[in-house]
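Single-structure report; data block below.
Coordinate-derived values only; no laboratory data. Quick caveat: nothing in here was measured; it's all calculated off a predicted structure. Please note: Cβ atoms are built from the backbone with ideal geometry, for glycine as well, and neighbour counts cover all protein chains shown.
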């Protein structure tokens, strides 16, 4: 079932500013059962404290963030306002350039070198934007784009194709098939950042 962007923003801000969570709230944020959170707490995998005079467990925000990152759980439900960017490219220099361009507190960046890994990370990471290389080592980037656009859960995900080999006709075909933008290699970091910011505002 598709979730519109306004609903995503509302859910994202639900826990903003809250510093201590119950096990039920932590379960809601992590999208797991409360028993799972309790087991992690009792085993020491998730740290916190008990309310004096009771058995109620409480989890500080920083500890919950650590736990979520360790288990690769997206932080959006916690109210983290960083935007998630997935870079899909088998060129380490491109990945390093993008990571350097987006470093700071505004973005969380992850990378994949193949179409297969991109599919897994898209499901786990739920990126706001995917920077997608047109030529991947296992499958064509257009196949990845088609699969994402065929899943209503990713209706709000923006796709930017990045390539140095696609001709003008291919670029137009990619834009018509579901890509939101195209950036030609080699590109300037500030041009890429402007494209990302433009898409995040729409």
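What to note about this one:
- Theoretical FRET efficiency, 1/(1+(r/R0)^6), r = Cβ-Cβ of residue 135 and residue 191, R0 30 Å, to 0.05: 0.90
- Alpha carbon centroid spacing (whole Å) that separates segment 70-124 from segment 34-58: 30 Å
- Among 139, 73, the order by Cβ neighbours within 10 angstrom, fewest to most, reads 139, 73.
- Estimated FRET transfer efficiency when R0 is 22 angstrom, pair residue 153-residue 93 (beta carbons, to 0.05): 0.10
- Cα gyration tensor category, rounded, prolate or oblate, for segment 83-200 with a/c compared to 1.5: rounded
- Full-extension gain in nm, residue 36 to residue 70, via 0.36 nm per residue minus C-alpha separation: 10.7 nm
- Normalised by 2.2 N^0.38 Å, where N counts its residues, the alpha-carbon radius of gyration of the chain equals 1.16.
- Modelled FRET efficiency - R0 30 Å, residue 61 with residue 200, Cβ distances, 0.05 increments: 0.75
- Gaussian network model of the chain, springs between alpha carbon atoms under 10 Å - residue of 84, 188, 158 with greatest fluctuation: 188
- Ascending count of other beta-carbon atoms within 10 Å, so fewest first, for 154, 134: 154, 134
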